[in-house]
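Worksheet: the structure to be examined is printed underneath.
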Amino acid sequence: MLSFLKNMFQNGNDGLADALQAGAVIVDVRTKAEYQQGHIAESQNIPLDEIRSKTELIRRWNKPVITVCRSGSRSAMAKDILSAAGIQVYNGGAWTSLKPVK
């Protein structure tokens, strides 16, 4: 199973696969319109401009978080915000680098 998860990532980042294995939640930080055009099944859409206000909600999930966006820039910013709040978070980069399923 772990090898399957590792193969889902084009960049081969083992930390992401391990986080998914641990039940991580994928948070897509693109706009709602972008998200509706395609996204990873079961991902949560919390646009970057709402991340700060949703930090406590995300903390209550008590799970690792993987942030994704279109190119990796917004997901990196979201990662920094959540990490500063003490949440275990990984930057997954572009949502298409994970197995995209609508």
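Readers should treat all values here as calculations from the given coordinates under stated rules, not as data from a laboratory. Because the structure is predicted, anything quoted here is derived from the model rather than measured. Note that each Cβ is placed from the backbone with ideal geometry, even for glycine, and that neighbours are counted across all protein chains shown.
Tabulated data
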item: Estimated translational D of the range 16-101 in µm²/s (Stokes, Kirkwood radius over Cα pairs; 20 °C; 1.002 mPa s); result: 173
item: Cβ-based exposure ranking for Glu50, Glu34, Glu42, in which fewest neighbours within 10 Å come first; result: Glu42, Glu50, Glu34
item: All aspartates and glutamates inside 20 Å of Lys54 as judged from Cα atoms, apart from same-chain residues fewer than 8 positions distant; result: Asp28, Glu34, Glu42, Asp80
item: Cβ-based net charge around Asp80, under 12 Å, with every Lys or Arg adding one and every Asp or Glu removing one; result: +3
item: Fully extended contour minus Cα-Cα distance, from Asp80 to Ser53, at 0.36 nm per residue; result: 8.3 nm
item: Charge sum, other residues only, whose C-beta stays under 12 Å from Val89's C-beta, Lys/Arg counted +1 and Asp/Glu -1; result: +2
